[in-house]
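First up is the structure itself, then whatever we jot down about it.
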Amino acid sequence: MTWIALKMLMGDKSKYFAIVFGVSFACFLIAEQSAIFCGVMLRTTSQIGDTHGADIWVMNTGVRYVDDLKAISDNDLYRVRSVPGVAWAVNLYRGQGQAQLADGTYQGVILMGLDDASLTGAPTHMLLGKIGDLQIPDAILVDEAGYHQMWPGEPLRTGKVLEMNQRRAVVVGVYRAAQTFMTLPIIYTRFSQATLFVPPTPTGRLTPFLLTKAQPGVDPEKLALPSKTRPA
C-alpha cells in the first residue's frame, strides 16, 4: 500500500514538484507573517523596555498604548507618592516635537523628558557623553539612528545644535536605542526642559506618565491594582 501511495504521489513529477513548492511557499509565508507580527509588537514596546528603574507606569485610564498620549493632572504625582507601598514616583514626559536643524530643515522627533533630579528612565547604552550631562542647560541626548537621520554621513560627535519651539538645544550625548515603531529620532532631556521644547497645551497639562517604584517586598502587580481590589 505504501508503494502504491508513493507511486500515485510521485508518478507525475511536474505535479509532485508543484505540490512540494506550494507547501514550502505556504510555510514560508506563515513564518514570514509571524516574524512581521512579532517585530511590530517588539517595536511598539521597545521604549518601555529601554526605560529602566521603574516597576509601574502610571497613566490616564483612557490610554490604550504608549503612543496614545493623554495628560494627567500634576497633582496625581503627589497622590501616587502617598499610596502605601510606593517607594517613589517621578514625572516622565513623552510627546512629539519638531526640531529645526542648522540648515533650516525640519525634523519630527520623539521627545522624552526625565525627572530633573534623578533622571530616572535615562538610556543606559551611551556611545558618547554621560547621562549626567543632561544637567547642563539646553542639553539633549539623541539616539544613534536619529543622529544619522538628522545629520547623514557625519561622524558621531557632541556639540550639534538644533532648535525646538524656538529654543536652542545642544547634543551632549549619543546613545543606542532599540528600534521603535515610528522611525523618528528619540531625544532625551530633563522634564523642565522638555516643557519648553513643545508649545503649551490648552489644558496646561504636560505629564502623560509617572514612573513608580514599589517598596522592597511589595508586589508591583498587586500595588498597581485599584485600591478597592488590592488585597490587604
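The values are calculated or read from the model by the stated rules, or taken from the named source; none is laboratory data. Given the structure is predicted, the values throughout are model-derived calculations rather than measurements. Heads up, the Cβs are rebuilt from the backbone with ideal geometry, glycines too, and the neighbour counts pull from every protein chain shown.
Annotations for the structure displayed:
- Only listed residue being under 13 Å from the mean Cα position of the chain (by Cα) and modelled with pLDDT of 90 or more, chosen from Leu128, Leu92, Leu101: Leu92
- Residue in segment 95-104 that is under 26 Å from Ala145 (Cβ atoms) and part of a helix (DSSP H, G or I) present: no
- Count of residues meeting criterion [touching a Lys or Arg at 6+ places or on another chain (Cβ under 7 Å) and surrounded by fewer than 20 Cβ atoms within 10 Å (Cβ to Cβ)] in segment 192-225: 2
- When each of Asp115, Asp133, Asp143 is tested for being surrounded by 14 or more Cβ atoms within 10 Å (Cβ to Cβ), at pLDDT 90 or above, within 16 Å of Leu206 (Cβ to Cβ) and of a type outside the set (Ser, Thr, Tyr), the lone residue that passes is Asp115.
- Which listed residue, of Gln149, Gln193, Gln166, is polar (S, T, N, Q), touching a Pro at 6+ places or on another chain (Cβ under 7 Å) and in the same structural domain as Val90 (by TED's automatic domain parsing): Gln149
- First in segment 116-134 and closer than 12 Å to Gly173 by Cα, second anywhere and part of a loop (DSSP other than H, G, I, E, B) and among the β-branched types (Val, Ile, Thr), Cβ under 6 Å, 6 or more apart: Leu128/Thr158; Gly129/Thr158
- Wholly within segment 141-203, strands (runs of 3 or more DSSP E) carrying at least 1 residues that are closer than 22 Å to Thr44 by Cα: 167-175, 186-190
- Count - residues of segment 118-140 that are in contact with a Ser or Thr (Cβ under 7 Å, 6 or more places away or on another chain), hydrophobic (A, V, I, L, M, F, W, C) and not in a strand (DSSP E or B): 1
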